[in-house]
Amino acid sequence: MIRYGLVCLLLGALAWGQAAAPTATPAAQAPASPSNPAQAGAPAPNPEQPDISKIAPDQAVITIVGVCDNPPADKSAASDCKTVITRENLEKMINAVAPNMPPRARRQFATRYADALVKAQKAHELGLDQGADFDEHMMIARLSIMSQMLGQSLQKKAADISDQDIQDYYNKNAADFEEVNLQRIYIPRQQQPSAAKKTTTAAGKTAASAPKDSSAGEAAMKAEAEKLLVRAKAGEDFDKLQAEAFVVAGIKTKSPTAKLGDVRRSGLSPTQVSCMDLKKGGVSSLLSDQSGYYICKAGEKETLPLDKVKDEIRGQLTSQRMQDSMKAVTASATITFEDAYFGPAPPPGPRGMMPMPPTHQVPNSGPK
C-alpha cells in the first residue's frame with residue numbers, strides 16, 4: 001500500500017469539519033413517522049439519496065485504477081494495479097474523522113480522499129516521503145492527532161453524567177434555578193452635555209454652560225437616583241421613572257422598558273444579583289456600578305423544576321469536568337522557555353494544549 005503517513009498528511013489539509021453536522025438534540029428531533037406517511041402528509045423519501053443498507057460491508061464503493069502498492073514502471077503495459085476501498089473501509093475513516101457526517105457529504109469526502117491517494121502515489125514516486133522534512137511533518141502530525149484524541153477521550157468521559165449527578169447538582173444549586181419577574185430602573189452616572197443648565201448671555205440669548213468637570217454632573221445624577229428611589233418605594237410606575245431618568249441625564253433616545261421579565265441570577269451582574277432575594281413587591285436599595293445606578297422591584301418568583309433544566313445542568317457538568325480534566329493535564333508538567341531565544345513572555349493566561357500547525361484529521365485505518 002502507498003505510504004500511509006503521506007496520505008494522512010494530505011488529508012490533514014482538508015476541512016472535514018465543514019462536512020460534519022452537529023447531532024440534533026432530543027427536543028429538536030422530529031417525532032417518529034406514522035405507519036402510513038402518505039396519509040399523514042409526510043414527505044416522500046428523497047430519490048437522490050441512495051439506500052446504503054443494500055451495500056454489503058465488503059462491497060467496493062471506490063475503485064482507483066492506476067494506484068496500488070507497487071505500480072508498474074511501464075505505464076503503457078497492461079496492469080491490474082488498482083486500489084479498492086470497501087464500504088467498511090470508508091465508514092471506518094468517516095467514523096474516525098467526522099462521526100456525524102451527513103450522508104450527503106460522503107461523496108465529497110470520498111472524492112477528496114481518492115484524490116489524496118492519487119497525489120500520494122505521485123509524491124511517493126518522486127521520493128517526497130523520504131528524508132528529514134517528511135519525518136518532521138509526520139512527527140508534528142502525530143503530536144497533533146494524539147492531542148486531538150486525548151481531547152476526544154476526555155470529552156467522552158466528561159459527558160458521562162448520571163441522573164444522580166444531575167439531581168445532586170440541582171439540589172446544591174437550587175438558587176441558580178430561581179426565576180424572578182423583575183423591573184429595573186437604570187440611572188446613568190453622568191449627564192450628557194445637552195443636559196447642562198442654560199444661562200442667558202449679554203445679548204439675551206440662551207447658551208448651555210457645561211460644568212467645569214464631571215463631578216457636578218455625577219452629583220446631579222446621584223441626587224436624581226435618590227429621588228427616584230423614594231418614588232419607586234412609594235409605588236410609582238417604573239417605566240415612568242425610567243423615562244424621567246433619561247430626561248435628566250440628557251439622553252435623547254427613547255428609554256428602555258423597565259420590565260425585564262423572568263430573570264435568573266446568571267442574567268444579572270454581581271452588583272444587581274441581590275435583587276433576586278427581594279420578596280414579591282419589594283424594592284431594592286440604590287445599587288451602583290461604574291456605569292450608573294439601579295433600582296429593582298421583584299414580582300412573582302419560582303424555582304424551575306428539574307425536568308426543565310436537566311439538559312442545562314448536563315451541559316454545565318460536562319463543561320466543568322472537561323475544564324478540570326484539561327487543567328489536570330496541563331498541570332502535570334512544567335514548561336520553561338528561554339527568553340533569550342523567544343523574547344519576553346506574554347501576559348499570564350490559561351495554558352492550553354500545545355498549539356499545532358493546521359489540524360490533521362486522520363483516519364484510523366486505510367484501504368488495503
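Overview of results
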read-out	value
Matching entry among S291, S284 (being surrounded by 12 or more Cβ atoms within 10 Å (Cβ to Cβ), modelled with pLDDT under 95, closer than 30 Å to F246 by Cα and not hydrophobic (A, V, I, L, M, F, W, C))	S291
Only one of D237, D277, D307, D311 that is surrounded by fewer than 17 Cβ atoms within 10 Å (Cβ to Cβ) and closer than 14 Å to N181 by Cα	D277
Complete set of residues in segment 134-166 that are in a loop (DSSP other than H, G, I, E, B) and either touching a residue at least 40 places away in the same chain (Cβ under 8 Å) or in contact with a strand residue (DSSP E or B) (Cβ under 7 Å, 6 or more places away or on another chain) (or both)	A159, I161
Single match in Y113, Y169 (criterion: within 30 Å of L304 (Cβ to Cβ) and either assigned to a helix (DSSP H, G or I) or touching a Pro at 6+ places or on another chain (Cβ under 7 Å) (or both))	Y169
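The values are calculated or read from the model by the stated rules, or taken from the named source; none is laboratory data. What you are looking at is a predicted structure, and each value in this text was computed from that prediction instead of being measured. Note that each Cβ is placed from the backbone with ideal geometry, even for glycine, and that neighbours are counted across all protein chains shown.
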